[in-house]
Amino acid sequence: MSRTDVKQVKNCQTEDPNLEAVLAAWHMATVRLEETHKALRGQVARLTDELEVKNRELARKNRLADLGQMASHVAHEVRNNLVPTTLYMSLLRRRLAADSECLGILDKIDASFTALDATVNDLLSFTAEREPLVGSVDVRGLVDEVLESLAPQLAAQEIHTELDVPFGLRVMADYDMLRRAVLNLTLNALDAMPDGGDLVYTGVRTADGVEIEVADSGPGLNDEVLTKGFEPFFTTKSHGTGLGLAIVGRVAEVHGGRVWAVNCPEGGAAFTLCFPRRVLEAAA
């Protein structure tokens, strides 16, 4: 635009106030349109990121579903063969009752079968798709039951237990699922303290719901375990399926809750199960 044209526009603006108002409105509309366009770009970027996260989560769940079907089939097949084998072992033990050397060998075979059965149970627990049978669970009573079932192992490993779970603390949950989760966390802690240590259970009602913590005085968790510990088949042990913590994660998930792990400042590790208040209210 030449200087003459600019001068003419200015003269028009001065001579025609309506034109000046129109230009001002046009400018404001343009600014608002730019701001709206910028906001929409940000919204599209955010939704794109969320969609990518959802797609990754869906792909992960699909992989787990396929893996679960395969694992369930394998577990059932193994169990179907374990039952008659265990029966034959029992019959063989009766025939060799007087042979201490053979009985010693049978004891070792029995121990192997017991470990195999535990692996099958882990696979079946992990692949189970049933909905939780929600009811009112006494947290203190459940922890007491888990500790009673493990009393011989606790004594053998010289584990000192401490319960900071108030009497009367209840949570709406599936009793068997919650018991399995607490049991798995306890066994995980025992593996971390083969030469003895302290095992502390804490239960508390928070503004968000109920939290149950299992803490040990072991060596703590490395970064890899903190990041991948709840992934199926991840393990740093020379034995086991790597499903113990994954089952705990599944229990938390089907209850609408979550689970996390941290290293304690004074040493050791702590695992916390959280059941949200909305689940408690909906199930009450």
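The values are calculated or read from the model by the stated rules, or taken from the named source; none is laboratory data. In this text the structure is predicted, and so the values were computed from the model without any measurement. Virtual Cβ from ideal backbone geometry, glycine too; neighbours counted across all protein chains shown.
Of the residues that make up the range 40-60, is at least one under 28 Å from E231 (Cα atoms), at pLDDT below 70 and surrounded by 11 or more Cβ atoms within 10 Å (Cβ to Cβ)?
yes
Of the residues that sit in the range 206-227 and are surrounded by fewer than 12 Cβ atoms within 10 Å (Cβ to Cβ) and polar (S, T, N, Q), which one is farthest from the chain's Cα centre (by Cα)?
Pass one, the range 206-227, residues surrounded by fewer than 12 Cβ atoms within 10 Å (Cβ to Cβ): 206-207, 222-224.
Then drop every residue that is not polar (S, T, N, Q), which leaves 206, 222.
Values: T206: 19, N222: 18 Å.
Once the filter is applied, the top-ranked residue is T206.
In the list F230, F271, which residue meets the criterion of being buried (at least 18 other Cβ atoms within 10 Å of the Cβ) and at pLDDT below 85?
Matching residue, one of F230, F271: F230.
Restrict the check to the range 148-160 and report whether at least one residue is buried (at least 20 other Cβ atoms within 10 Å of the Cβ) and assigned by TED's automatic domain parsing to the domain that holds G267. Spell out how you get there, then give the answer.
As a first pass, look at the range 148-160 and keep what is buried (at least 20 other Cβ atoms within 10 Å of the Cβ): 159.
Now narrow it down to the ones that are assigned by TED's automatic domain parsing to the domain that holds G267: 159.
Checked against the condition, which is being buried (at least 20 other Cβ atoms within 10 Å of the Cβ) and assigned by TED's automatic domain parsing to the domain that holds G267, the range 148-160 yields at least one hit.
With the checklist (1) more than 17 Å from the chain's Cα centre (by Cα); (2) over 21 Å from Q157 (Cα atoms) in hand, flag the one item M177 doesn't pass.
The number of the failed condition is (1).
Could you please find all residues in the range 182-233 being over 25 Å from G256 (Cα atoms), in contact with a helix residue (DSSP H, G or I) (Cβ under 6 Å, 6 or more places away or on another chain) and not acidic (D, E)?
Listed by number, the residues that qualify are L199, G218.
For the range 87-117, what are the residues that are within 17 Å of E77 (Cα to Cα) and surrounded by 13 or more Cβ atoms within 10 Å (Cβ to Cβ)?
Matches in the range 87-117: F113, L116, D117.
Quick check on G196: is it touching a His at 6+ places or on another chain (Cβ under 9 Å) and either closer than 26 Å to V120 by Cα or surrounded by fewer than 17 Cβ atoms within 10 Å (Cβ to Cβ) (or both)?
yes
Among the candidates I109, I105, which residue alone is modelled with pLDDT of 80 or more, within 35 Å of the chain's Cα centre (by Cα) and in a helix (DSSP H, G or I)?
I109
Can you give me the ranges of the strands (runs of 3 or more DSSP E) entirely in the range 115-185 with at least 2 residues that are charged (D, E, K, R)?
Answer list for the range 115-185: 159-164, 170-174.
Kindly evaluate V120 against the criterion of being within 22 Å of A252 (Cβ to Cβ) and β-branched (V, I, T).
Working: within 22 Å of A252 (Cβ to Cβ): no; β-branched (V, I, T): yes.
The answer is no for V120.
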